[in-house]
1. Tell me whether region 113-129 contains one or more residues that are among the small types (Gly, Ala, Ser), closer than 26 Å to Arg47 by Cβ and touching a Gly at 6+ places or on another chain (Cβ under 9 Å).
2. Quick one: Ser77 ticks every box in (1) over 20 Å from Leu122 (Cα atoms); (2) part of a helix (DSSP H, G or I) except a single one, so which number is it?
3. Considering only residues of region 196-221 that are in a loop (DSSP other than H, G, I, E, B), over 17 Å from Leu239 (Cβ atoms) and in contact with a His (Cβ under 9 Å, 6 or more places away or on another chain), which is modelled with the lowest pLDDT?
4. Suppose we filter region 104-147 for residues that are among the aliphatic types (A, V, I, L, M), in contact with a helix residue (DSSP H, G or I) (Cβ under 6 Å, 6 or more places away or on another chain), closer than 23 Å to Pro178 by Cβ and part of a loop (DSSP other than H, G, I, E, B); how many remain?
5. Name the single residue, out of those in region 166-195 being in contact (Cβ under 8 Å) with a residue 40 or more places away in the chain and part of a helix (DSSP H, G or I), that is farthest from Thr145 (Cα to Cα).
6. Among the residues of region 150-178, which ones are farther than 17 Å from Ala119 by Cβ, under 17 Å from the mean Cα position of the chain (by Cα) and of a type in the set (A, V, I, L, M, F, W, C)?
7. Here is a list of conditions, (1) modelled with pLDDT of 95 or more; (2) of a type outside the set (S, T, N, Q); (3) over 26 Å from Arg243 (Cβ atoms), and Tyr95 meets all of them except one; can you say which number that is?
8. Among Gln71, Gln60, Gln45, Gln40, which is on the phi < 0 side of the Ramachandran plot and surrounded by fewer than 18 Cβ atoms within 10 Å (Cβ to Cβ)?
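The values are calculated or read from the model by the stated rules, or taken from the named source; none is laboratory data. Quick caveat: nothing in here was measured; it's all calculated off a predicted structure. Here the Cβ positions follow ideal geometry from the backbone for every residue, glycine too, while neighbour counts run over all protein chains shown.
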Amino acid sequence: GSGIYRLGMTLRLVGRFDEAIAIFQTILDRKPGDEQARYQLGETQYRSGRTSEAAMSFRQLADDARRAVAQKPDDASAWLRLAEALVLAGDLEEYRRTCAAVIKRIGTLDSVSSDAARACCLMPDALADFRPVVALAERAAKPPTAAWTHYTLALAHLRAGDPDEALRQARKSLTVDPNWHASVLNRVVQALAHAKLGQMAEAQAMLETTRRPPGPPGPDGLHADVLGTSAAWWDSADLLILRREAEALILDSQFPEDPFRHGAAVPAGPVQSDRLPR
């Protein structure tokens with residue numbers, strides 16, 4: 001049940017990585033195609049500094065997602081999961097090809113999910129022209145809207161070079177549903193948008209809010225995970241990918257030309273900087 005996932009994620013949160021890895025590996029031994037367990041294993045390996053093992057887990061996650069896309073090629077959520085896994089595994093060339101395929105296939109459908117646009121916004125250079133992605137996101141954000149459709153639209157505008165509109169849509173997402181479990185993603189977008197506008201003090205302050213939830217720690221002295229243990233793995237992947245981009249842009253003296261250039265399990269850098277709690 002879901003309790004075993006929560007236990008593994010809680011163990012990771014407090015730094016008991018070996019125990020968390022053992023739990024997720026046990027789940028996978030029983031259910032090899034469990035994407036949630038595969039992702040959580042990869043993230044735990046990454047946070048514990050085992051980046052080579054994490055890359056292997058994320059490559060396996062990409063293999064699972066490829067099969068899902070082959071079975072349901074018009075399913076935008078399958079394409080999103082594939083895109084997330086490819087970025088995490090560092091396979092950026094296939095990721096860019098996947099984005100082009102998403103625009104070609106999903107963009108022509110009458111009914112569009114925001115997942116299609118979201119899949120193409122994980123990296124700033126996923127496409128040479130983000131206007132089709134913005135168009136997809138705008139179609140998906142027509143009423144009735146949801147917090148995640150405005151988050152995706154915010155991210156699309158950010159990638160298309162309009163940080164002001166990205167800020168507006170991120171704030172609208174927070175207004176539409178302040179209790180959306182992944183609302184922290186809007187704060188990452190806001191941090192990136194402020195940085196693009198040269199507002200580095202605002203960017204750094206917003207980035208800080210993405211590391212731990214508001215409010216005092218619990219009775220055990222720990223802050224809860226900013227996403228919560230019920231989040232879908234692709235929401236957690238968005239946070240990991242985008243927050244590392246924001247940290248590189250805002251905190252590093254020079255933003256690397258390609259923060260995923262090392263080709264393995266999200267960009268190289270101090271693992272401690274991306275651990276919770278802080």
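1. From region 113-129, those among the small types (Gly, Ala, Ser) are 113-114, 116-117, 119, 126, 128; that's our starting set.
Applying the additional criterion that residues be closer than 26 Å to Arg47 by Cβ yields 119, 126.
Now drop any that are not touching a Gly at 6+ places or on another chain (Cβ under 9 Å), which leaves none.
No, region 113-129 contains no residue that is among the small types (Gly, Ala, Ser), closer than 26 Å to Arg47 by Cβ and touching a Gly at 6+ places or on another chain (Cβ under 9 Å).
2. (1) is the only condition that Ser77 fails.
3. Only one residue fits best here, namely Pro217.
4. Adding up the residues that qualify gives 1.
5. Among them, the one singled out is Ala195.
6. The answer is Ala166, Ala170.
7. Looking at each condition in turn, Tyr95 falls short on (3).
8. The unique qualifying residue is Gln71.
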